[in-house]
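Structure first, then comments.
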Amino acid sequence: MTLLITVFAAVISTFIWYKKDDRKEYNRGFLCLMFWGASLMWTVDAVFEYAELGAEYFTPAFEDMINDAYLGISVVALGLIIWTVSVLIKDPKGVIRGALTQSR
Amino acid sequence: MACFLVPATEAVITTAVQMVMKNKEKKADLSSSHATEKIESANAKTGFSVKLGWLNKMLWGGSALLAFEHLWHGEVVPYFPFLTAVTNGEVSDMLAEMSSVGVTMAILVTAIWGAMVAISGVIEKRTETSEEGV
């Protein structure tokens, strides 16, 4: 479930990266690559788990599935937080710089 | 247990390599600044340091999100020695997992990046030849 949610996040962020022209300005590539990197790593994890459990891997207990979904959503939230911080540090429109100099 | 440490270690190395490459590319750009044509052709191509940045982003991002997952499952703790496997005396199991799952993760991410670099190289060559044709 975590893998599935991360793959969806990767696909959606890639679609947005492809569609919008200001992709460099807002570090959209970073968001895509972060989710794709995690998706690839969890794919490896899933393959090893499948090798160990066999078909049982596809029939997890309901409680495990809920926990994994909760984890997946938290992972996406963390990824978005990391990306937001990177955009705020880059400050492409100078909004933060402007706000800081105005408050002085 | 701690499989994310393998791609994270690779990320440290590739980030260092990227920094060195970036400096070299900057120096090369400055030394050839008298030949404007040369610069124009260099700008048309994506520098290797930029391409290495793609790998870094995948490795750092993936490792960070996986580290969070390990924290979630209690395999990583925010106090020394940080890894539950070390506290429980399961170091050999942890190393076995790192050498199997961790290494495969690093290889897969690097292989995908290699494919991305190869594809971008082909696209750049095609653009070059089409520009020459015009």
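Across every pair of different alpha-carbon atoms, what Kirkwood hydrodynamic radius in Å does chain A reach?
So the Kirkwood estimate lands at 15.7 Å.
Using bins 5 angstrom wide from zero, how does P(r) for segment A:1-51 break down, in % of all Cα pairs?
For segment A:1-51, the binned pair fractions read 5, 23, 26, 18, 13, 9, 5, 2, 1 percent.
Within segment A:1-15, which residues have the backbone N less than 18 Å from the label spot 7 Å out from A:PHE58 along Cα→beta-carbon, could you tell me?
Hits in segment A:1-15 for A:PHE58 at 18 Å: A:1-5.
What is the mean number of Cβ atoms from other protein chains located within 10 Å of the Cβ atom of each residue in peptide B:51-62, rounded to a whole number?
If you average over the peptide's residues, the count of other-chain Cβ atoms is 6.
Quote the Stokes-Einstein diffusion coefficient, in whole µm² s⁻¹, for chain B, based on the Kirkwood radius over alpha carbon pairs, a temperature of 20 °C and a viscosity of 1.002 mPa s.
Result for D is 123 µm²/s.
Please list the three semi-axes, largest first and in whole Å, of the ellipsoid equivalent to the protein assembly as shown, using sqrt of 5 times the eigenvalues of its alpha carbon gyration tensor.
So the equivalent ellipsoid measures 37, 22, 19 Å along its semi-axes.
Could you name the aspartates and glutamates in cross-link range of A:LYS24, using Cα to Cα under 17 Å and dropping any fewer than eight places away on the same chain?
A:ASP91
Of the peptides A:88-96, B:4-12, B:18-26, B:69-77, how do they stack up when ordered by the mean number of other Cβ atoms within 10 Å, highest first?
Ranked from most to least packed, the peptides come out as B:4-12, B:69-77, B:18-26, A:88-96.
Mind checking the mean number of beta-carbon atoms from other chains within 10 Å of the Cβ atoms in B:65-75?
Per-residue shielding by partner chains comes out at 5.
Take peptide B:103-115, look around each residue's Cβ out to 10 angstrom, count Cβ atoms belonging to other protein chains, and average those counts.
Going residue by residue through B:103-115 and averaging, the value is 3.
Using the 10 angstrom Cβ neighbour count as an exposure proxy, how do A:THR14, A:THR84 rank, fewest first?
A:THR84, A:THR14
Which order, highest average first, do B:87-94, A:68-75 follow once you tally other Cβ atoms within 10 Å for each residue and take the mean per peptide?
Top of the packing list down: A:68-75, B:87-94.
Would you compute, from DSSP H runs of 4+ residues alone, the mean residue ellipticity of the protein assembly as shown at 222 nm, taking -39500 (n - 2.57) per run and dividing by the full residue count, rounded to the nearest 500?
That calculation yields -26500 deg cm²/dmol at 222 nm.
A short reminder: the numbers here are calculations on the coordinates, not readings from a lab. What you see is a predicted model; the values in this text were computed from it and never measured. Cβ: placed from backbone, ideal geometry, glycine included. Neighbour counts: every protein chain shown.
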